[in-house]
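What follows is a set of notes on a single structure, which appears directly below.
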Amino acid sequence: MNRTLSLLAAAALVASALPVLRAQTLTVDNQTTLIRPIGATVHLTATGMPGSPVLLAMDVDGGPISVLGLNVPLGLTPAFSLVPIGVTSAAGTLDVDLQIPYRESLHALQMFFATVTLDTGSASGLAVSNGVDVTFVARPQLAGNTLASYPFFEHVAAFNRGAPVQLGIDPRYTFVAGKTADVYVVASKTATQWDLNPALVDARGAAQTVTFPAGATTIQQNTFTLTTGTLPGPVETSASGDTRIGVGYDVVIDFDQDGQFDPGVDLIDGYDEAEAGFYVCRNLTLGSRNTATAQGPYQVTEVLYTGGSFLGQDTYYPTGIASLGQLPLIVISHGNGHNYQWYDHLGYHLASYGYVVMSHENNTVPGSHTAAESTLANTDYLLGHLTTIAGGALNGHIDTHRIVWIGHSRGGDGVARAYDRLFQGTYTVQNYVMSDIKLISSIAPVDFGGWSGAAPTLGGVNNGSHPHDANFHLWVAEADADVNGCVSSPQVCWYGIHERATRKRQSISLYGVGHGDYHDGGGSSVADGPNLIGRAATHDIMRGYVLALVSHHIQGDIPSRDYLWRQYERFRPVGAPAPSASVVANMQFQDDAQSGKYIIDDFQNQATANPQLATSGAHVTIGVQAFVEGRADDFNNDYTDLINDPFNGFIQDDSSTNNNWRSLSYASVFEFDGSGDRSITYDLTTTTVRPALQDYAYLSFRAAQGSRHLLTIAQLGDVTFSVSLEDAAGNRGTVNIGAYGGGIEEPYQRNSGPSCGIGLGWNSEYETIRIRLTDFQNNGSNVDLSNVTKLIFQFGPTYGSNLGRLALDEIELTKK
Amino acid sequence: MNPTIRNGLCVTAALAAVLAVSLSRGNKAPAAPANHQFTLVSAQRFQLQQPYRHYYRADRPLVDRGWLLVLAGDGEQLVRRQVQEPVLFVGNQTAERINVGDQSGKLVVLVPGDLDLATAPIFLGTAQLPEELVQAKIDAELAATTVTPPASDEIASALVAGTLECANDYELRQRAIDLVERHSPEEKDLIRGARVPLIK
């Protein structure tokens, strides 16, 4: 630093002696000493004589040495290089952005920079700026789980309490090779807190000394157990007041073993203002009742009251709400023939985590258009009568800008139609606005409104079942005997509303669950199909996921997100039943455009006209069998497999004569019959805007098995396949999707008589698969994420299941 | 898979699909039971000081008078579904169902207007959403039904003397719930939920 200051002082002196000249200075991000992550872009500002060419000198040694009478702040080692970067302006300045290469091997490398410009006032005719040193650091994910197959490790955010946590770092982070270090698991701090207080205090009681083998070639060799499951999560004792989903921890590898986090040398997982390295999560299902064993973080008070006709409300809130500030509001709208008192399993549960939950009387018998007005009116009534409801206990304690609408069956359609009314401006409310609705969740909804409510035979009231730009979530009951998903009746097909949603959207589909299992009103499950799981198991799944869902959308909770997309077979809330032949959960999770995602192919734009051209412009080489790109619509409206109905079983779209009845949802379907390996290859060099994969976190796509297809029947189990990334040098990393647990689930083996076609298997069920991009780099694949040229989906005996019939859609790169 | 075998299976599947089309299709809305005859158990006129909106037809008329009826029928026909259900008509008017009645077979309903029970068949029409019904459709349903109006002695025994005077539909519905409690007492959640404290 002293040297830098003296250089600046010297430059200032020169400037004062030669007023026509500018001082020769260099800063990077307005600093002269700094630390920056690999892959980051830094901003160089150089000054010097106006109109002078500027050379950037770089070295790994800061010198200084004297050359031609010039004081050069570099060591002139063999690594020294000199690069022209431009010409100073008339004002004597030059601004240049410089991207630090994304090379994990650069971690802890300190580079020294200076600029060389012309100087007519100096004897040499040249001037050298002050020096700037930049230390490059890698910020890898460290915490995760071992996997039985490549990539052999998954870095994740959320761990259930009691589960082991491991540290894994690939050998491409060459800095670690042969080093002995202390590993700390620290109560999470923000980056700012780390900067202010770098002291390391291990939450386990003591740091753990590890040695990374010299010459390691696999991540398995660099894997260590951090905890066997003893790290504490949120306090789960009855009425603890601790509503956190997870407790955050950061992981630090302290290479100089000094008990301090040195940001230029030590590796850290969790150096972030918002996100910890990992989270130990609670039992999300706890909190269904006000009993000692089932109580959540807060004691809950339930009140029943009415404001008049169809304004009966059952409201749940933390008993101690007076000291809890403003809490989000969750509104529940029941279905036809149901009752507003049938949602205790959600009301008590969510209220015990700090939400106000109001389940209301819903005018469903006339239809879901009328039910939508019940949702709108009851929400407005509650917010307009806070001084009187519950004796005023809620007054001032509801955050009217954070509202969730949950609806069941006709009520599930109603909440989407209610949002449509606000979106269309055809319904006026007094106490909230459309943007206050942060999430809509439809449970086994009917779909009477369709796209716009203008369907020729139904709807007809200009009120679509359309969530538009609201975040949307869908619960599906695959054994539903009422809203049963049979393709012959569009209004009982579940996915239309989901496909219409344009914001972040997700779904959870449960096999063996009936329509009545989603409420707690007793009576029949209203179920039809094999392996029924019943109401209690359904609620055990529901409670955990609904809490994660609202925590993610309302609180921005980070670990909650993991529950919404990781394969149920491998990760699910504590308290949710283990997967089995009966307990099957398929999840979709798609980020919205605002997240900064990159769409490689969503099949929406070019339909069947040119399947060799992806949405991104990538050229597609199709090496699978029977590839068809088109609308995800069971064209002949029954589930019988038919060769000229390639999207058999798909109910995302409807291209029937009811124009725009549902959505315009395109996808691809294809097959591989076991006779050899097959592939679909995207040439990313031909994309309109080529993505730099190091700027993204995950490759995400959704896939489904074709219901009742001969190859699906032959497989009758999860289908797995592999995905490869290949870079310009031909390096390739290949991940089998089965490495993360599960695969693409076979359709629910239901046949409700002949009414929905011949054969076994219900609708074709999408699941979202997300692969962390850095996983493709493990164990010496050498894939350069900054220069990936090909994305290859590979099928067949070498790459997973021998055979199968699949759909593929929504192939994206996501930021989170 | 042998291509020949595969093609053969595809043909088989295609034929099966053709056959399936001739069978009943999907989760169609429940069909209206032909000639389902309700018995009129109780009938009382009502009059309101403050009208309410009748949501069971597309024009949503305001209602300040009508009939509070108790009907007896086949509970199987009253099971609630989320899909379109057979709409309950009384004459040329749609009826609002207060309770479900699938277990008791007893249905409490509100029927707007001054209709003459002696000329108004009480029937389940085709399955659709009441909120979409216009008068022409309702008239068509009435014209198509073969259900006969209640007999005069049935009306006489069901008729409750006097007009039920209420300030508004909330009060009216409370009286309707009293009837639910009497005729369909197993619907405890509905009854309890209707009698929660009214916030002024």
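The values are calculated or read from the model by the stated rules, or taken from the named source; none is laboratory data. Everything numeric in this text was worked out from a predicted model, so none of it was measured. Neighbour counts run over all protein chains shown; Cβ positions are idealised from the backbone, glycine included.
Take the conditions (1) part of a helix (DSSP H, G or I); (2) in contact (Cβ under 8 Å) with a residue 40 or more places away in the chain; (3) buried (at least 17 other Cβ atoms within 10 Å of the Cβ); (4) within 14 Å of chain A (Cβ to nearest Cβ); B:LEU110 misses just one of them, which is (1).
Every listed requirement among (1) part of a helix (DSSP H, G or I); (2) in contact with a helix residue (DSSP H, G or I) (Cβ under 7 Å, 6 or more places away or on another chain); (3) within 15 Å of A:GLY312 (Cα to Cα); (4) among the aromatic types (Phe, Trp, Tyr) is met by A:PHE423 save one, (3). Here A:VAL185 meets the list (1) within 30 Å of A:THR720 (Cα to Cα); (2) buried (at least 22 other Cβ atoms within 10 Å of the Cβ); (3) in contact with a Ser or Thr (Cβ under 8 Å, 6 or more places away or on another chain) almost entirely, failing just condition (1).
Residues that are surrounded by fewer than 21 Cβ atoms within 10 Å (Cβ to Cβ), farther than 30 Å from A:VAL735 by Cβ and of a type outside the set (Lys, Arg) do occur in the stretch A:166-181.
Within the stretch A:695-711, residues that are within 14 Å of another protein chain (Cβ to nearest Cβ) sit with their Cβ atoms under 8 Å from residues that are aliphatic (A, V, I, L, M) and in a strand (DSSP E or B), at 6+ positions apart or across chains, in these pairs: A:GLY706/A:VAL669; A:GLY706/A:LEU806; A:GLY706/A:ALA807; A:LEU711/A:LEU803.
Scanning the stretch B:62-77 for residues that are out of contact with any Ser or Thr (no Cβ under 9 Å at 6 or more places or on another chain) and within 13 Å of another protein chain (Cβ to nearest Cβ) yields a count of 1.
Condition check ((1) assigned to a helix (DSSP H, G or I); (2) assigned by TED's automatic domain parsing to the domain that holds A:ARG402; (3) touching a residue at least 12 places away in the same chain (Cβ under 8 Å)) across all residues:
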| residue | (1), (2), (3) |
| --- | --- |
| A:SER524 | no, yes, no |
| A:ASN531 | no, yes, yes |
| A:ARG535 | yes, yes, yes |
| A:ILE541 | yes, yes, yes |
| A:LEU547 | yes, yes, yes |
| A:VAL550 | yes, yes, yes |
| A:ILE554 | yes, yes, yes |
| A:GLN567 | no, yes, yes |
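B:ALA95 falls short on exactly one of the conditions (1) over 14 Å from the mean Cα position of the chain (by Cα); (2) within 14 Å of another protein chain (Cβ to nearest Cβ); (3) modelled with pLDDT of 95 or more, and that condition is (1).
Sort out which residues of the stretch B:180-199 are among the aliphatic types (A, V, I, L, M) and either in contact (Cβ under 8 Å) with a residue 60 or more places away in the chain or closer than 13 Å to A:ASN339 by Cβ (or both), and write them in order of number. Steps first, answer last, please.
Applying the first criterion (among the aliphatic types (A, V, I, L, M)) to the stretch B:180-199 yields B:180, B:190-191, B:194, B:196, B:198-199.
B:VAL180, B:LEU190, B:ILE191, B:ALA194, B:VAL196, listed by residue number.
Contact map, the stretch A:44-61: residues that are more than 13 Å from A:ILE85 (Cα to Cα) and among the acidic types (Asp, Glu) paired with residues that are buried (at least 19 other Cβ atoms within 10 Å of the Cβ) and modelled with pLDDT of 95 or more, Cβ distance under 6 Å, separation 6+ or inter-chain. Pairs shown: A:ASP59/A:LEU74; A:ASP59/A:PHE112. Within the set A:THR688, A:THR681, A:THR621, A:THR712, the sole residue that is part of a loop (DSSP other than H, G, I, E, B) and either outside the structural domain of A:ARG500 (by TED's automatic domain parsing) or at pLDDT below 90 (or both) turns out to be A:THR688.
With the requirement that a residue be more than 14 Å from chain B (Cβ to nearest Cβ) and either within 12 Å of A:GLU745 (Cα to Cα) or among the β-branched types (Val, Ile, Thr) (or both), what does the stretch A:712-734 give you? Show your work before the answer.
Taking the stretch A:712-734 and keeping what is more than 14 Å from chain B (Cβ to nearest Cβ), we get A:716-734.
The answer is A:LEU716, A:GLY717, A:ASP718, A:VAL719, A:THR720, A:VAL723, A:THR734.
Looking only at the stretch B:126-140, how many residues end up being modelled with pLDDT under 95 and away from chain A (no Cβ under 14 Å)? Residues meeting the conditions: 1. All conditions but one from (1) away from every other protein chain (no Cβ under 14 Å); (2) part of a loop (DSSP other than H, G, I, E, B) apply to B:ARG81; the one that does not is (1). The strands (runs of 3 or more DSSP E) falling completely within the stretch A:158-206 that include 2 or more residues that are over 16 Å from A:ASP258 (Cα atoms) map to A:158-160, A:165-168. Within the stretch A:461-489, restricting attention to residues that are within 10 Å of chain B (Cβ to nearest Cβ) and surrounded by fewer than 24 Cβ atoms within 10 Å (Cβ to Cβ), the residue that is modelled with the lowest pLDDT is A:VAL461. Residues of the stretch B:141-200 that are more than 14 Å from every other protein chain (Cβ to nearest Cβ), part of a helix (DSSP H, G or I) and in contact with a helix residue (DSSP H, G or I) (Cβ under 7 Å, 6 or more places away or on another chain): B:SER152, B:ILE155, B:GLU181. When we screen A:GLY63, A:GLY69 for residues that are loosely packed, with under 13 Cβ neighbours inside 10 Å and either out of contact with any Ser or Thr (no Cβ under 8 Å at 6 or more places or on another chain) or modelled with pLDDT under 95 (or both), the only hit is A:GLY69.
Where strands (runs of 3 or more DSSP E) fall entirely within the stretch A:214-282, those with at least 3 residues that are among the polar types (S, T, N, Q) and modelled with pLDDT of 95 or more are at A:223-227. Restricting to the stretch B:68-107, what's the tally of residues that are among the hydrophobic types (A, V, I, L, M, F, W, C), touching a helix residue (DSSP H, G or I) at 6+ places or on another chain (Cβ under 7 Å) and closer than 18 Å to B:ILE177 by Cβ? Summing the residues that are among the hydrophobic types (A, V, I, L, M, F, W, C), touching a helix residue (DSSP H, G or I) at 6+ places or on another chain (Cβ under 7 Å) and closer than 18 Å to B:ILE177 by Cβ in the stretch B:68-107 gives 5.
To keep it simple, each residue is scored yes or no on (1) at pLDDT 95 or above; (2) more than 28 Å from the chain's Cα centre (by Cα).
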{"position": "A:GLN110", "(1), (2)": "yes, yes"}
{"position": "A:LEU126", "(1), (2)": "no, yes"}
{"position": "A:VAL132", "(1), (2)": "yes, yes"}
{"position": "A:ALA143", "(1), (2)": "yes, no"}
{"position": "A:PHE153", "(1), (2)": "yes, no"}
{"position": "A:ALA158", "(1), (2)": "yes, no"}
{"position": "A:ARG161", "(1), (2)": "yes, no"}
{"position": "A:ASP182", "(1), (2)": "yes, yes"}
{"position": "A:THR190", "(1), (2)": "yes, no"}
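A single member of A:VAL415, A:VAL429 is in a loop (DSSP other than H, G, I, E, B) and either more than 21 Å from the chain's Cα centre (by Cα) or of a type outside the set (A, V, I, L, M) (or both), and it is A:VAL429. Do we find a residue being in contact with a His (Cβ under 6 Å, 6 or more places away or on another chain) and among the acidic types (Asp, Glu) anywhere in the stretch A:93-103? Among the residues of the stretch A:93-103, at least one is in contact with a His (Cβ under 6 Å, 6 or more places away or on another chain) and among the acidic types (Asp, Glu), which makes the answer yes. Just one of the listed residues (A:ALA626, A:ALA618, A:ALA614) is touching a strand residue (DSSP E or B) at 6+ places or on another chain (Cβ under 7 Å) and on the phi > 0 side of the Ramachandran plot, namely A:ALA626.
If the condition is being closer than 27 Å to A:VAL492 by Cβ and touching a Pro at 6+ places or on another chain (Cβ under 7 Å), then the stretch B:82-128 contributes B:GLU85, B:PRO86, B:VAL87, B:THR94, B:LEU124, B:GLY125, B:THR126, B:ALA127.
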